[in-house]
Amino acid sequence: MDTFGPITDNAGGIIEMSNQPESVRKKTDKLDAAGNTTKALTKGYAIGSASLAAFLLFSAYLETIHAIVRHKVESAGGVLLPRGVFRM
């Protein structure tokens, strides 16, 4: 979907440079508009999926760090409280 816009835009440029009739250019302009729309939509999906991937990677990182710390604390004879539990 991301390549449709640039391809139709290039086709419009070729049509202009080859002095084709105006009716041909009108058709490529409609295709170019559709290409710009698909480009904008896919950009939104790309940003959303990258944000989700970053969140999941960071969450996995925190889980791994928590497991490492728990292992070190327990091997030293201590007790690591569950998340959200505080003792004063």
Give the residue that is most open to solvent (accessible area, probe 1.4 Å), with candidates limited to residues of segment 1-25 that are in contact (Cβ under 8 Å) with a residue 24 or more places away in the chain and not small (Gly, Ala, Ser).
-> 1
In segment 26-49, which residues are open to solvent by 50 Å² or more (accessible area, probe 1.4 Å) and of a type outside the set (A, V, I, L, M, F, W, C)?
-> 26, 27, 29, 30, 36, 37, 39, 43, 45, 49
Could you grab me the full set of residues in segment 26-44 that are free of Cβ contacts under 8 Å to residues at least 40 places away in the same chain, over 13 Å from residue 11 (Cβ atoms) and of a type in the set (Ser, Thr, Tyr)?
-> 37, 38
Which members of segment 41-56 meet the condition of being aliphatic (A, V, I, L, M), at pLDDT below 95 and more than 8 Å from the chain's Cα centre (by Cα)?
-> 41
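The values are calculated or read from the model by the stated rules, or taken from the named source; none is laboratory data. These numbers come from a predicted model, not from an experiment. Positions of Cβ are backbone-derived with ideal geometry, glycine not excepted, and every protein chain shown enters the neighbour counts. These accessible areas exclude ligands, DNA and RNA; they are computed on the full protein's heavy atoms, side chains included. Shrake-Rupley method; radii C 1.70, N 1.55, O 1.52, S 1.80 Å.
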